[in-house]
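Novice: The structure that follows is given in the form of structure tokens.
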Amino acid sequence: MTSTEGALRRSLGLPQLLAYGLVFIGPAAAVGVWGTLDAVSGGVVPVVYLVATIVMALTASSYALMSAEVPRAGSVFAYASEGIGRRTGHMGGWMMLLDYLLIPSVAYLFSGIALHSLVPQVPVWVFVIAAVVISTGLNLAGVTVTAWVSTVVVMVEVVVLAAVLAVGIWVLATIGPLRGWLDPLTGGAAGLDAGLVLGAVSIAVLSYLGFDALATFAEETRGGAKVVGRATLVCLVVAGFLFILQSYVGALLSPQTTAELQADPSLQGDAYYAMVDSEISPLLHALLSLAKGIGAIFSALVGQAAASRIIWDMGRSGSLPHVFSRLSTRTGVPVVGVLVASAGNVLVAGWASTRGDGLNLVSSMVDVGAITGFVLVHASVIGYFVVRRRGGAVRPVRHLVIPVLGAGLLIVVLVSSSPVALIVGAIWALLGFAVLLLRRPSAGTADTLGR
């Protein structure tokens, strides 16, 4: 049964939030996109992740500020509505929906690729459909169930990744690298190309997106709003360190050159798995593929849950039809939002699994929505604390310098995205604007929502 009344249930503490964040980000997230980033960046994936971590750290700071002041499930939608105005809030939430509707699709695709590498006889799309069914069922079961399962999954994935990295470092110490020790940091003979690095950062941002999803669980968290900000920062730091380390080890041991990956996009999806299989251990390749394949399913689960919370908040606030605000009376889950997100995941991931460049295309599309939303989070901090003076005394560094710097870097990354991704983002934005024109603010919203 569903109800249009009621509130989300507060059942998550800091440990559950950390598990959610890390399973959504995925401790081994760099594995699935490493080949694409190596080709796009010119072979300097660790540098790409270092830059991306810095950019995301600035964004995490703004998320922490806004989640403490506006602890609502709508995340960017709620922040921009309170800090800037309702119309901007609607567009921010709409652009983040592009992010959260597509992130699970990418995770399902990662899962399909990983499991297909273990069982080549089964097409990628079959694994994708199975993953969607499993995660949707768990999301409908309730947030307590998914939090417990996520904790177990992230622990297994960390153990497997640690084993891969430990053996990889042993191989490097005893046999030596296949690329120069500094090549993944300098670009080798070709050198660093800032344009290529920024273009790759626009894809690498995808690996971090789980940290911002934690804000959508603000109305289901115990212990106060600051718990969300604390979990956000911890997840980002842990993920950044792991991404840099695993991408550096992968680059040094990869039997495929950057040029080979650039020439044949079909090799990019499982390039890291191929490296582990040939240079480290076939057994660890199987374990990593299995852990990543299963882990990606639960990463998608959290992304699907985050999308449903944004849809729910936009529904109860009037930015979307009120039917989207329905909660299950049994589990407290926004069931309509979960089903809508699931349907979108099937369509996008199924289509991408039939294309050699599907992973690259969908990854870029996700990032356009996410980066746009992140820019609006920074703008919301300035609007909320500096322009509207709603958060007490203005702190110049946290309320102005960091948001301006963070937004500026994100805009540079955004314009470096692929043309296809920018076109898709523009079309999505136009659809969101059309919805805005057709909707009216609900009667109970704050005065800022009518602006």
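Novice: Checking the condition over 18 Å from V33 (Cα atoms), free of Cβ contacts under 8 Å to residues at least 12 places away in the same chain and assigned to a helix (DSSP H, G or I), which residue from V375, V401, V386 passes?
Specialist: Just one listed residue meets the conditions, V401.
Novice: If G369 meets every condition in (1) touching an Asp or Glu at 6+ places or on another chain (Cβ under 6 Å); (2) buried (at least 21 other Cβ atoms within 10 Å of the Cβ); (3) not in a helix (DSSP H, G or I) apart from one, which number is that one?
Specialist: Checking G369 against (1) touching an Asp or Glu at 6+ places or on another chain (Cβ under 6 Å); (2) buried (at least 21 other Cβ atoms within 10 Å of the Cβ); (3) not in a helix (DSSP H, G or I), the one that fails is (3).
Novice: Of the conditions (1) without any contact (Cβ under 8 Å) to a residue 12 or more places away in the chain; (2) under 25 Å from G408 (Cβ atoms), V119 clears all except one; give me its number.
Specialist: (2)
Novice: Tell me, please, whether a residue that is under 17 Å from G92 (Cα atoms), at pLDDT below 85 and part of a helix (DSSP H, G or I) can be found in segment 409-417.
Specialist: Taking every residue of segment 409-417 in turn, at least one turns out to be under 17 Å from G92 (Cα atoms), at pLDDT below 85 and part of a helix (DSSP H, G or I).
Novice: What do you reckon, is S442 at pLDDT below 85, touching a Gly at 6+ places or on another chain (Cβ under 6 Å) and part of a loop (DSSP other than H, G, I, E, B)?
Specialist: yes
Novice: Another question, if that's okay. Specify the residue that is nearest to the chain's Cα centre (by Cα); the eligible residues are those in segment 137-158 that are of a type in the set (G, A, S) and assigned to a helix (DSSP H, G or I).
Specialist: From segment 137-158, those of a type in the set (G, A, S) are 137, 141-142, 147, 150; that's our starting set.
This time we only want the ones that are assigned to a helix (DSSP H, G or I), so: 137, 141, 147, 150.
Details: G137: 21, A141: 23, A147: 17, S150: 16 Å.
Per the criteria, the residue is S150.
Novice: Let me ask something additional. All but one of (1) over 18 Å from the mean Cα position of the chain (by Cα); (2) part of a helix (DSSP H, G or I) hold for L98; state the number of the condition that does not hold.
Specialist: With respect to (1) over 18 Å from the mean Cα position of the chain (by Cα); (2) part of a helix (DSSP H, G or I), L98 is out only on (1).
Novice: Touching an Asp or Glu at 6+ places or on another chain (Cβ under 9 Å) and buried (at least 23 other Cβ atoms within 10 Å of the Cβ), is that true of F110?
Specialist: Working: touching an Asp or Glu at 6+ places or on another chain (Cβ under 9 Å): no; buried (at least 23 other Cβ atoms within 10 Å of the Cβ): yes.
It is false that F110 is touching an Asp or Glu at 6+ places or on another chain (Cβ under 9 Å) and buried (at least 23 other Cβ atoms within 10 Å of the Cβ).
Novice: Of the residues R388, R355, which single one is open to solvent by 60 Å² or more (accessible area, probe 1.4 Å) and under 22 Å from F77 (Cα atoms)?
Specialist: Values: R355 fails: under 22 Å from F77 (Cα atoms).
R388 is the lone residue from the list that is open to solvent by 60 Å² or more (accessible area, probe 1.4 Å) and under 22 Å from F77 (Cα atoms).
Novice: What are the residue pairs meeting all of these: first residue in segment 228-246, first residue touching a residue at least 24 places away in the same chain (Cβ under 8 Å), second residue open to solvent by 50 Å² or more (accessible area, probe 1.4 Å), Cβ atoms under 7 Å, and 6 or more apart or on different chains?
Specialist: Pairs that qualify, where the first residue is touching a residue at least 24 places away in the same chain (Cβ under 8 Å) and the partner is open to solvent by 50 Å² or more (accessible area, probe 1.4 Å), are R230/L14; A231/L14; I244/L50.
Novice: Tell me which residues, restricted to segment 322-343, are assigned to a helix (DSSP H, G or I) and not aliphatic (A, V, I, L, M).
Specialist: H322, F324, S325, G337, S342
Novice: Here's a follow-up. For V394, all conditions in the list (1) touching a Phe, Trp or Tyr at 6+ places or on another chain (Cβ under 9 Å); (2) loosely packed, with under 14 Cβ neighbours inside 10 Å; (3) not in a loop (DSSP other than H, G, I, E, B) hold save one; what is the number of the exception?
Specialist: (3)
Novice: Okay, moving on. For P120, which of the numbered conditions (1) in contact with a helix residue (DSSP H, G or I) (Cβ under 6 Å, 6 or more places away or on another chain); (2) open to solvent by 40 Å² or more (accessible area, probe 1.4 Å) fails to hold?
Specialist: Tallying (1) in contact with a helix residue (DSSP H, G or I) (Cβ under 6 Å, 6 or more places away or on another chain); (2) open to solvent by 40 Å² or more (accessible area, probe 1.4 Å), P120 fails exactly one: (1).
To keep it simple, each residue is scored yes or no on (1) over 19 Å from L414 (Cα atoms); (2) of a type in the set (D, E, K, R); (3) buried (at least 24 other Cβ atoms within 10 Å of the Cβ).
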| site | (1), (2), (3) |
| --- | --- |
| G43 | yes, no, yes |
| V48 | no, no, yes |
| V70 | yes, no, no |
| E82 | yes, yes, no |
| M96 | no, no, yes |
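Novice: Hey, another quick one. Among V335, V368, which is modelled with pLDDT of 75 or more, out of contact with any Phe, Trp or Tyr (no Cβ under 9 Å at 6 or more places or on another chain) and closer than 24 Å to F217 by Cα?
Specialist: V335
Novice: Restricting attention to helices (runs of 4 or more DSSP H) lying wholly within segment 1-92, give those where 2 or more residues are of a type in the set (A, V, I, L, M) and at pLDDT 85 or above. Spell out the reasoning first.
Specialist: Details: elements: 14-25, 29-41, 45-69, 76-83.
The qualifying helices (runs of 4 or more DSSP H) are 29-41, 45-69, 76-83.
The values are calculated or read from the model by the stated rules, or taken from the named source; none is laboratory data. Everything numeric in this text was worked out from a predicted model, so none of it was measured. For neighbour counting, all protein chains shown are included, and Cβ atoms are generated from backbone atoms with ideal geometry for every residue, glycine included. Please note that ligands, DNA and RNA were not included when accessible areas were found on the heavy atoms of the full protein model with its side chains. Shrake-Rupley method; radii C 1.70, N 1.55, O 1.52, S 1.80 Å.
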